[in-house]
Amino acid sequence: MTPLSESPIWRRQREFYEQKGPAAWIEDDIPWHMSSHAALAHCYARLTAAWIDDLVGASRVERTQTVRVIELGSGAGRFAYAFVQAYEEIRRTLRLPRIIYTLTDFAETNVAAFRAHPAWQALAAEGLADFMVFDAERPALAATGPLVCIANYVFDSLPQDYFRVADGVLSEGHVPALSQADTLRFDYAVVAGERYADPALAAVLKELSATKGPRSFLLPTVALRCLEALRAAAGGELLALVGDKAHVRIEDHDHDRAPIAVLHGAGAFSFNVSFPALARWTEHQGGRAHVPAQRQSAFEICALAADGLSAAPRLADAYAEHVARVSPSDLHGIAAHVPPSFAGQSFDYYLSVMRAAACDPSLVARLVPELMRYKKDARSSQVLQLRRVIAQAARVYLHVRDKDAFLSAAVTVLQAFDASDAIEELAQQVEKTHGARVDVRAIARAALR
Ligand SMILES: C[S@@+](CC[C@H](N)C(=O)[O-])C[C@H]1O[C@@H](n2cnc3c(N)ncnc32)[C@H](O)[C@@H]1O
């Protein structure tokens, strides 16, 4: 029997990601729509800008300085691309410091794919992006100065330990060495003495287990050790933006059910992440954790400011506005459930939904075909708005797989509205960011056939 974090299930998952490489996203094995959504990128860019603005206000960062953003487990890179575009727009308006965005993964094949992509090569040439193999299980990073860490659907994939409290007694769940992620069976051993030598981990475990029970929780040990290493590299000024399947309040742990892994494709799985554990860790560092007041969706967002600032009003305000009031999950949820061919909807309605959801390219690909039925009676001002929505989607669009629907949907609808000049603009825009990798004019010719 071993603690959950030492079970071979995690090694097998690593092998899956290493062997699949970028194909894990191309073949749709791994969920990515929410965690790559343009509205999410926009939200994180706002949170990042607000925090950097707080640091500028506290004279901890100069406007001329460059702040590093590191994304763990960047997947296919769609989120990263939309984030860099969104932050650049905000930075120019507010005259904020520049960022350099580091895309990482522990799987070298994923990092090699970023390096080889023309859109990333162009941003790297401008000093806006770079690439690195980074393993959250063995975090090693040279000193960075103030650092923003982004982790979407990553902490749910890293090794965790499992504990439960019953009648005031803390026990740890151990699993047989030959376990499979989907059929875990736990045996319990009472925890006697300090389970972790690391003071921050020990403090988090102590706080989470301070109850008579019943309580049942996973402790994200690898994620917390990784955050510690990043905070050290940042010289104590770290903002971590975490999006995941999560328990958000301590009360969410008050039951006696053992955790269940959700399987993705043929080899990956994920567990819920305890935001209370992340929040206690942040507070232990003297920082402030912004977490949702209650669980509201399958993708929760927290902002962990482990930064030693006595006040960070802009970050607090940005979290209240862009996560607590209406979150990217709300926008994704509303937009994802717009019914196709719902005759009662108007052209303007579809435009509003696409704009509200930050003109996410996957959403635009799904909704613009609905507009074809207004071909005969759309006003020219509406067609102009449609062109703007498509142009905005193209600005944050990263072409990752050949059969991607966005460009073909965009050219088909622009052809239907006789906007061949907009197709030419789209071709030039995509050519500028992607080089010869995608040929929009060829897509347009194919759509006409
Ligand atoms: C569920 S995917 C999420 C990918 C991406 N963030 C997204 O939302 O589409 C998990 C990612 O974490 C990466 N990963 C798994 N174990 C890791 C580790 N120990 N260190 C760094 N990345 C890891 C995987 O290679 C994969 O890219």
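Values as computed for the structure displayed
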read-out: In the range 101-116, the residues that are acidic (Asp, Glu) and not in a strand (DSSP E or B); value: Glu108
read-out: Strands (runs of 3 or more DSSP E) completely within the range 124-182 that count 1 or more residues being near the ligand (Cβ under 9 Å from one of its atoms) and surrounded by 14 or more Cβ atoms within 10 Å (Cβ to Cβ); value: 147-152
read-out: Of residues in the range 252-274 being part of a loop (DSSP other than H, G, I, E, B) and within 13 Å of the ligand (Cβ to nearest atom), the one nearest to the chain's Cα centre (by Cα); value: Phe271
read-out: Residue satisfying all of: in the range 12-29; within 8 Å of the ligand (Cβ to nearest atom) and surrounded by 20 or more Cβ atoms within 10 Å (Cβ to Cβ); nearest to Arg355 (Cα to Cα) among these; value: Trp25
read-out: Residues that are aromatic (Phe, Trp, Tyr) and more than 10 Å from the ligand (Cβ to nearest atom), drawn from the range 105-123; value: Phe114, Trp120
read-out: Of residues in the range 69-91 being farther than 18 Å from Leu363 by Cβ and among the aliphatic types (A, V, I, L, M), the one farthest from the ligand (Cβ to nearest atom); value: Ile90
read-out: Within the range 1-100, helices (runs of 4 or more DSSP H) holding 3 or more residues that are modelled with pLDDT under 95 and farther than 23 Å from His322 by Cα; value: 9-20, 23-26
read-out: Sole residue being outside the structural domain of Ala316 (by TED's automatic domain parsing) and either in contact with a strand residue (DSSP E or B) (Cβ under 7 Å, 6 or more places away or on another chain) or of a type in the set (Asp, Glu) (or both), chosen from Gly213, Gly243, Gly287; value: Gly213
read-out: Matching residues in the range 233-251 - criterion: being away from the ligand (no atom under 13 Å from the Cβ), part of a loop (DSSP other than H, G, I, E, B) and either touching a Cys at 6+ places or on another chain (Cβ under 9 Å) or under 16 Å from Ser297 (Cα atoms) (or both); value: Ala234, Val248, Arg249
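Residue-by-condition table, conditions (1) on the phi < 0 side of the Ramachandran plot; (2) crowded, with 21+ Cβ neighbours inside 10 Å; (3) of a type outside the set (Gly, Ala, Ser):
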| residue | (1), (2), (3) |
| --- | --- |
| Gly265 | no, no, no |
| Phe275 | yes, yes, yes |
| Leu278 | yes, yes, yes |
| His284 | yes, no, yes |
| Gln294 | yes, no, yes |
| Ser297 | yes, no, no |
| Ile301 | yes, yes, yes |
| Asp307 | yes, yes, yes |
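The values are calculated or read from the model by the stated rules, or taken from the named source; none is laboratory data. It should be emphasised that the depicted structure is a prediction, and the values quoted were computed from it without experimental measurement. Quick reminder, even Gly has a Cβ in these numbers, built from the backbone with ideal geometry, and neighbours come from all protein chains shown.
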